[in-house]
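Single-structure report; data block below.
The values are calculated or read from the model by the stated rules, or taken from the named source; none is laboratory data. As the structure is a prediction and not an experimental result, all values here were calculated from the model. Methodologically, a virtual Cβ is constructed for each residue, glycine included, from the backbone with ideal geometry; neighbour enumeration extends over all protein chains shown.
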Amino acid sequence: MQNESVNDDVFTPASIVGRVFASIVDVVFVAIALFVVSLLIGEVAPRRAMEKGSRELFDLIFWASFFVLPVLYLAVMESSKLKATIGKLIIGVKVLDENTFQRIGFFRALGRAVVKVVSVYFCAIGVLLFLLLSSSERKQAIHDRLFKTSVVDV
């Protein structure tokens, strides 16, 4: 069975304001998760009890979690049956393939999430994302264009 492309008129691109609000909700959610993870790690491996080598490994794992956790959150949620993060669900938008308007796969969502998180961590790229988003007919940011996705109202 072949996937047929859906008419572009069926879906409306999500508004910039809505996407910003969804991102803020997601940042708060991930920040809470990072806080909980850091508390758990702190309980499991108290710094005073660590040797120098294991403390460096702990620090590496701790700081890597600030990249890995948001990337996994975005990739898992956006490639799931929900097709959206918690923030996107609240405002009623989903991430879909730009041509078929179907759910995207995990590895595609993972690549999209890596580009998005890197761009957010480096503000200059984040500003470029916003400019691309506002100038695009489908309101696609760089991570949408690279991975051929659209964020649409549902």
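Residues Val71, Val10, Val20, Val27: which one is at pLDDT 95 or above, among the β-branched types (Val, Ile, Thr) and closer than 24 Å to Leu146 by Cβ?
On the way: Val10 fails: at pLDDT 95 or above; Val20 fails: at pLDDT 95 or above; Val27 fails: at pLDDT 95 or above.
Of the residues listed, the single one that is at pLDDT 95 or above, among the β-branched types (Val, Ile, Thr) and closer than 24 Å to Leu146 by Cβ is Val71.
For Ser80, the criteria (1) surrounded by 14 or more Cβ atoms within 10 Å (Cβ to Cβ); (2) at pLDDT 90 or above; (3) not acidic (Asp, Glu) hold in every case but one, which is (1). A count restricted to the stretch 97-149 and to residues that are assigned to a helix (DSSP H, G or I) and modelled with pLDDT of 75 or more stands at 21.
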